[in-house]
1. Read phi for every residue in the range 123-137 and hand back ³J(HN,Hα) as whole Hz from Karplus 6.51 cos²θ - 1.76 cosθ + 1.60, θ = phi - 60°, with x for Gly and Pro.
2. Just by accessible area at a 1.4 angstrom probe, what is the order of 135, 48 from largest to smallest?
3. For each pair in 44/146; 82/152; 50/152; 44/152, compute the distance between the two Cα atoms and list the pairs where it is over 23 Å.
4. Leaving out ligands, DNA and RNA but keeping every protein chain, what accessible area does residue 49 have, in Å² rounded to the nearest 10, with a 1.4 Å probe?
5. Starting from 0.36 nm per residue, how many nanometres of slack lie between residue 46 and residue 147 once their C-alpha separation is accounted for?
6. How far apart, in nanometres, would the label points at residue 103 and residue 163 be if each is projected 7 angstrom from Cα along the Cα-to-Cβ direction?
7. Over the range 27-95, with every protein chain in place, what whole percent of the accessible area is carbon and sulfur at 1.4 Å, could you tell me?
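The values are calculated or read from the model by the stated rules, or taken from the named source; none is laboratory data. All figures in this text were calculated on a predicted structure; none of them were measured in a lab. Cβ coordinates were reconstructed from backbone atoms using ideal geometry, including for glycine residues, and neighbour counts include every protein chain displayed. Side chains are part of the model used for accessible areas, which takes the heavy atoms of the whole protein and leaves out ligands, DNA and RNA. Shrake-Rupley method; radii C 1.70, N 1.55, O 1.52, S 1.80 Å.
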Amino acid sequence: MRIRLNKTAVKGASWLFILSHLLFLSGCSHTPSEVTTISLQLPKNIERYKHLAALSAQEGTNLSLDEFDMISSELTVPCAQKYQTLITATVTPFTHHPSAEKVIYFNVIEHTAYVVLAMDEDAWAGISATLAATRPLLTLNLLQFKEIQTVKFQHPQPIFVETSSH
């Protein structure tokens, strides 16, 4: 998880409070070897899902996951890598481009997960079908974490803090 703090906005804040709050949100302690169990949900029939995702991209409609039987797998992963592992495991079955599932940016800000993958920045012909297949599943899988209530596939909008000069 990347953390960016605006120095002006944080001025005077207790770093101990911030660190303990971040550890609480992540569900992990500061122990590097700590592991957690996460759930990965994928469609039972991936080929059918990919086909219908491509059709929805062509028609400009949203793909509903309610139409598909899902298989759930439990993965035990290092706490520090839970988001990266889940994102990679979700995207990999749907792309044949090398490193397309690489996470370029990931952050949780005010219960919103911001996700940018390599395929978002280095697209190819037919990318819309891949995005139509992966984004609903990424959203479904990321919403299992209590600290995430919304998923956006973009960088967060810059926050401008007005300061007064004295």
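1. 7, 9, 4, x, 4, 4, 5, 5, 5, 5, 7, 8, 4, x, 6
2. 48, 135
3. Result: 44/146; 44/152 exceed 23 Å.
4. 0
5. 33.5 nm
6. If labels sit at residue 103 and residue 163, their model points lie 3.0 nm apart.
7. 50
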